[in-house]
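Throughout, read-outs are computed from the coordinates displayed, never taken from laboratory work. Small disclaimer: the values here were computed from a predicted structure and weren't measured. Note: ideal-geometry Cβ built from the backbone for every residue, glycine included; neighbour counts use all protein chains shown.
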Amino acid sequence: MPAIKKLMLQNFKKFDSLMLEFDAGVNVLIGDNETGKSSVLLALDLALSASRSRVETIGYESILAQAAVRAFKRGPRTLDLLPTLIVDVFLEEGDDQGFYGTQNLAGAMTDGIRMEIAPLIEEFGATILQLLREDPDNFPYEYYAVKFSTFSAAPHVSYRRPVKHLMLDSSRIDSEYAAREYTRTVFSFNAEPAQRYSLENCYRRGKEAFRDNELAALNAELGAYQFGVRTSIRSNLETDLIITKDGIPIENRGKGEQCFIKTEFALRRHEAKGELHALLLEEPENHLSHTKMKLLVEQLANTAGNQLFIATHSSHICSRLDLRHALLLGSDQKAGRLRTLSDGTATFFMKAPDNNVLEFALSKKVILVEGDAEFILIEEMYKKYSEGRSPQADQVHIISIGGTSFKRYLELGKLLGINVAAIRDNDGNYQQHCVENYEGCLYNGARIFADQDNSRSTFEIGLYQDNQAACEALFAAGRKKLTVQEYMLKNKADAAFELLTRKADELVAPQYIKDAIAWIKE
Amino acid sequence: MDKRVIFAVAGSGKTTHLISCLSLEKRALIITYTENNHSHLRNRIIQKFGTIPSNISLMTYFSFLHGFCYRPIMQLQMNTRGINFRRPPQRNFALDDMRRYRDPSGRLYHNRLAKLIEVKGFLPVVRARIERFYDAVYVDEVQDFAGHDFNLLLEVSAANADMLLVGDFYQHTFDTSRDGAVNGSLHNDILRYEKRFKDAKIAVDKETLSKSWRCGTTVCEFIRVHLQINIDAHEDRVSEVVNVNTQELADQLHRDQNVVKLFYEQHYKYGCYSQNWGASKGQDHYEDICVILGAKAWKQYLEGKLHESVAQTRNKLYVAFSRARGGIYIAPDKLFKQFKT
């Protein structure tokens with residue numbers, strides 16, 4: 001099966017340059033909004049489709065990097081400086097010499113396809129020059145053209161597509177064009193060409209039969225002008241074909257259901273025949289309920305033999321499909337891979353309850369806490385010790401990981417270079433639990449913060465001791481059997497919430513938390 | 001690795017031999033010079049396999065040179081726009097000056113492209129590329145390789161793949177390209193020509209295709225005597241060689257749709273079933289033929305000195321005479337003058 005190995009972009013959408021390497025199996029693109037997840041899928045889709053009209057419909061204006069256009073306008077505005085857009089899709093090497101060559105951005109001798117959008121300087125140089133002189137704010141998009149070629153610099157045409165792919169974009173799922181496109185693609189890889197032509201032929205002849213038999217009586221009275229049935233490029237089998245489930249057209253179903261059915265349908269056929277090589281999924285979690293999403297992820301995880309590209313915001317999809325497949329797109333046009341994550345950690349995130357792994361991975365600075373009580377109070381404490389600024393303002397994320405799986409997060413953090421302040425209890429033995437335990441796990445940007453006094457074994461004990469007056473005032477009333485501290489230990493989250501809502505002003509953080517906040521701000 | 005050049009005679013089954021080397025297992029590249037031969041080979045491949053199998057690539061020489069050797073490696077760096085088939089202007093540029101290879105509009109001079117690949121140091125890459133995709137390379141019409149193209153061919157032959165070159169020294173009537181004095185005397189002497197192959201570690205085979213299937217005993221003997229070119233017949237077939245001496249016979253031949261009239265040039269002006277000597281190369285469907293000689297050649301022929309004509313003319317005559325399956329009519333062009341328009 002031909003696999004997509006690598007993608008290189010130049011002046012595409014928000015990327016002035018980008019290089020991404022892919023797995024032959026699952027590739028999950030994660031990243032914040034506006035980091036270009038969808039752009040990566042679009043680049044793959046356009047280059048693999050090699051359809052000129054598709055690119056022209058989208059418009060050069062919307063895919064040529066605006067930063068490059070602005071830079072051109074600021075510069076001396078000569079023809080040689082006009083930006084060129086390039087999408088290079090590197091493929092697994094095959095036996096066709098026509099795809100093999102060094103004509104790519106990497107200069108590597110390998111197989112691949114290139115999409116290039118460049119100004120037609122040889123043809124229209126003089127016109128473009130005049131246009132640029134007349135209006136300094138004008139950009140000659142109209143004199144650009146898209147060209148598809150292979151890495152051997154031979155022209156590339158869509159019917160020779162080495163990688164058959166399908167793009168499912170859940171945000172466009174109810175557009176008529178997308179639905180048509182989907183049906184046509186799925187039809188084409190379910191039916192062999194010969195079968196397809198025969199079906200199309202039967203359909204057209206069926207229409208003719210209708211005209212000859214049913215309309216004949218009517219037409220007989222009409223003389224020269226007769227009724228016929230349209231058969232044309234706008235009205236044939238492909239345009240009239242729809243997909244139904246249980247007799248109901250899927251376009252009449254909800255968006256979520258449509259998204260689900262389409263993905264399932266596209267994947268299912270493949271297992272049998274191998275006509276689909278790559279499936280591109282744009283935010284499949286949109287419109288899906290949690291249950292449906294889990295079903296979908298299960299499907300995705302179990303498809304073998306085709307390459308998956310999934311752009312997602314969902315921690316669930318990302319971690320369940322194995323974090324090692326994740327490609328992290330950063331805001332600085334850099335991409336990280338989690339491939340080297342240890343087996344144990346990858347499996348941990350697949351098995352552990354739904355977690356905030358994506359939020360963690362996308363952060364630069366993180367305070368990890370182990371329970372709800374800490375989570376509730378830490379934001380307030382943070383403000384208190386940073387002149388009132390909220391952690392969001394300092395781009396610090398607070399994540400409660402429920403338990404003490406710090407090491408898993410630290411491994412991930414090390415790989416992605418995230419600054420992590422991990423706050424935990426000493427559980428009665430600071431040296432053993434908080435120092436020896438993490439030997440080898442820590443790195444330059446990661447530290448464990450815990451109370452060094454073994455008698456202050458949990459957050460609540462420390463909190464009580466440092467805020468005795470406030471706690472007594474809040475909780476002493478009505479206590480019969482339990483002491484205030486015992487009450488706080490038994491009702492951690494409730495007690496924390498009470499403290500937050502009623503005593504926020506006087507609250508003092510234990511020293512190790514102060515240290516953590518001061519350190520992460522650095 | 002088998003490296004071999006087979007010198008064949010006309011009608012000895014070069015194409016058949018090439019086709020018989022092809023299989024569905026071996027990845028093969030076939031390079032031929034003329035478009036005519038390209039479509040002929042293509043049809044023969046289809047006849048053998050039903051289709052063009054994916055392990056077999058057939059290219060004309062210039063699509064090989066540009067599309068296989070040059071473009072995949074240098075297109076973006078050189079930013080050129082295809083091939084210019086005109087001769088470069090007389091001006092001299094240094095070997096490393098791109099203007100020597102590329103015209104002002106960005107097209108590559110066809111006769112210097114092979115040299116450019118060498119000068120840029122990409123010969124090893126071209127060899128590696130051949131090794132990457134093919135187990136065997138076949139070159140048809142090798143006698144037409146001239147100029148830098150001949151040098152490139154020898155360099156490419158060193159690739160780690162089987163190499164079979166087939167050609168007929170005496171059927172050299174075209175050149176792939178020429179560039180000044182480069183290989184200018186290549187075709188003057190067959191022994192020195194053979195030595196070029198031997199020096200490049202390519203074995204010279206003059207046996208395998210030394211006998212003609214097409215030409216019978218009489219025709220072969222005629223060619224040996226009058227052109228002094230060695231050719232033998234497979235079959236002991238006797239036919240007639242007739243000198244056309246009367247206008248009456250000439251008129252009759254002119255009308256005869258079964259006898260092709262072969263002219264030195266401008267055959268279409270004579271209003272009959274005809275072809276030019278050189279352009280009849282590769283044609284295999286004529287039975288009896290009529291070769292029309294100009295006044296000078298006719299005189300040489302009558303004196304038994306036809307072999308003394310210049311190499312170019314002799315080679316074209318060889319092509320023309322060796323078209324005959326059956327007999328040969330030889331006529332002076334004065335008897336055909338009246339038909340010329």
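Things worth noting here:
- Per residue, the convex hull volume that the Cα atoms of chain A enclose (Å³): 244 Å³
- Over chain B - Rg/Rh using Cα atoms and the Kirkwood inverse-distance radius: 1.00
- Ordering A:35, A:435, A:319 by Cα displacement along the dipole of chain A toward the positive end leaves A:319 in first place; charges were set at the Cβ atoms of Lys, Arg (+1) and Asp, Glu (-1).
- With 5 Å bins beginning at zero, the pair-distance distribution over Cα atoms of the stretch A:337-438 amounts to 2, 12, 21, 23, 20, 14, 6, 2, 0 %.
- Note on the stretch A:21-133: Rg/Rh from Cα positions, Kirkwood definition for Rh, rounded to two decimals, is 1.01.
- FRET efficiency estimate (nearest 0.05) - Cβ-Cβ, residue A:244 to residue A:213, R0 22 angstrom: 0.25
- The stretch B:171-308: C-alpha gyration tensor shape, a/c 1.5 cut-off, then a/b vs b/c: prolate
- Evaluated over the stretch A:437-495, the Cα radius of gyration and Dmax, each in Å: 15.4, 49
- For the stretch B:1-87, a Kirkwood hydrodynamic radius built from all Cα pairs, placed in the Stokes-Einstein relation at 37 °C and 0.692 mPa s, yields a translational diffusion coefficient of 219 µm²/s.
- Working note: Cα atoms of the stretch B:229-341, range along each principal axis, descending, whole Å: 38, 29, 25.
- A simple packing score, the average count of other Cβ atoms within 10 Å per residue, orders the peptides B:136-146, B:28-38 as B:136-146, B:28-38, with the highest score first.
- Chain A, relative contact order [Cα under 8 Å, separation at least 6], %: 14 percent
- Average other protein chain Cβ within 10 Å of Cβ, residues A:100-110: 4
- Neighbours of residue B:121, meaning other residues whose beta-carbon lies under 13 angstrom from its beta-carbon, give a summed charge of 0 when Lys and Arg score +1 and Asp and Glu score -1.
- Residues of the stretch B:304-330 with an amide N closer than 18 Å to a point placed 7 Å from the Cα of residue B:192 along the Cα-to-Cβ direction: B:310-312.
- Among A:141, A:438, B:170, the ranking by other beta carbons within 10 Å of each residue's beta carbon, starting with the fewest, stands as A:141, A:438, B:170.
- Proximal charge balance of residue B:10 [Cβ under 15 Å; K/R count +1, D/E count -1]: +3
- Rounded to 10°, Cα long-axis angle of helix B:217-227 versus longest principal axis of chain B: 80 degrees
- Integer Hz, Karplus 6.51/-1.76/1.60 couplings in order for the stretch B:76-84, x for Gly and Pro: 5, 6, 8, 6, 9, 10, x, 10, 9
- Of interest is the spacing of the C-alpha centroids, which for the stretch A:39-86 and the stretch B:182-211 amounts to 54 Å.
- Computed from Cα positions, the angle between helix A:176-190 and the longest principal axis of chain A comes to roughly 80 degrees.
- The angle between the Cα long axis of helix B:35-49 and the main principal axis of chain B comes to about 80°, on a 0 to 90 degree scale.
- Beta bridges by DSSP in the protein assembly as shown, antiparallel share as percent, to the nearest 5: 35 percent
- Mean Cα-pair separation over length for chain B, i.e. relative contact order, pairs under 8 Å, 6 or more apart, %: 19 percent
- Computed from the C-beta positions of residue B:23 and residue A:232, the FRET efficiency with R₀ = 41 Å rounds to 0.30.
- Label-point separation in nm, residue A:483 to residue B:154, each point 7 Å along Cα→Cβ: 10.2 nm
- Stokes-Einstein diffusion coefficient of the stretch B:62-205, Kirkwood radius over Cα pairs, 20 °C, 1.002 mPa s, in µm²/s: 135 µm²/s
- Over the stretch A:236-310, relative contact order from alpha-carbon pairs under 8 Å, at least 6 apart, %: 34 percent
- Taking the inverse of the mean 1/r over every pair of distinct Cα atoms in the stretch B:54-114 gives a Kirkwood hydrodynamic radius of 12.4 Å.
- Neighbourhood charge, 13 Å Cβ-Cβ cut-off, centred on residue B:151 and excluding it, Lys, Arg +1 and Asp, Glu -1: -1
- With helices as the sole contributors, chain A gives -12000 deg cm²/dmol at 222 nm; each DSSP H run of n ≥ 4 counts as -39500 (n - 2.57), and the sum is divided by every residue.
- When each of B:272, A:434 is scored by the number of other beta-carbon atoms lying within 10 Å, the sequence from fewest to most is B:272, A:434.
- Ranked from largest, the principal axis spans of the Cα set of the stretch A:184-268 equal 52, 31, 21 Å.
- Peptide A:9-19 - average C-beta neighbours from other chains (10 Å radius): 0
- Within 10 Å of the Cβ of each residue in A:151-157, the mean number of Cβ atoms contributed by other protein chains is 4.
- Only Cα sites of the stretch A:1-87 enter the Debye sum here, all with the same form factor; the resulting log10 I(q)/I(0) across q = 0.26 1/Å is -1.38, listed in q order.
- Convex hull volume per residue for the stretch A:220-294, taking Cα atoms only, in Å³: 189 Å³
- Partners of residue A:351 within straight-line reach, counting lysines whose Cα lies under 28 Å from its Cα and excluding those fewer than 8 residues away in the same chain: A:37, A:262, A:292, A:294, A:364, A:365, A:407, A:414, A:492.
- For the stretch B:243-341: lysine pairs under 22 Å (alpha-carbon distance), excluding those fewer than 8 apart on one chain: 29
- Put in order of Cβ neighbour count within 10 Å, fewest first, the listed residues A:287, B:285 become B:285, A:287.
- Pair residue A:379, residue A:504: separation of 7 Å Cα→Cβ label points (nm): 0.9 nm
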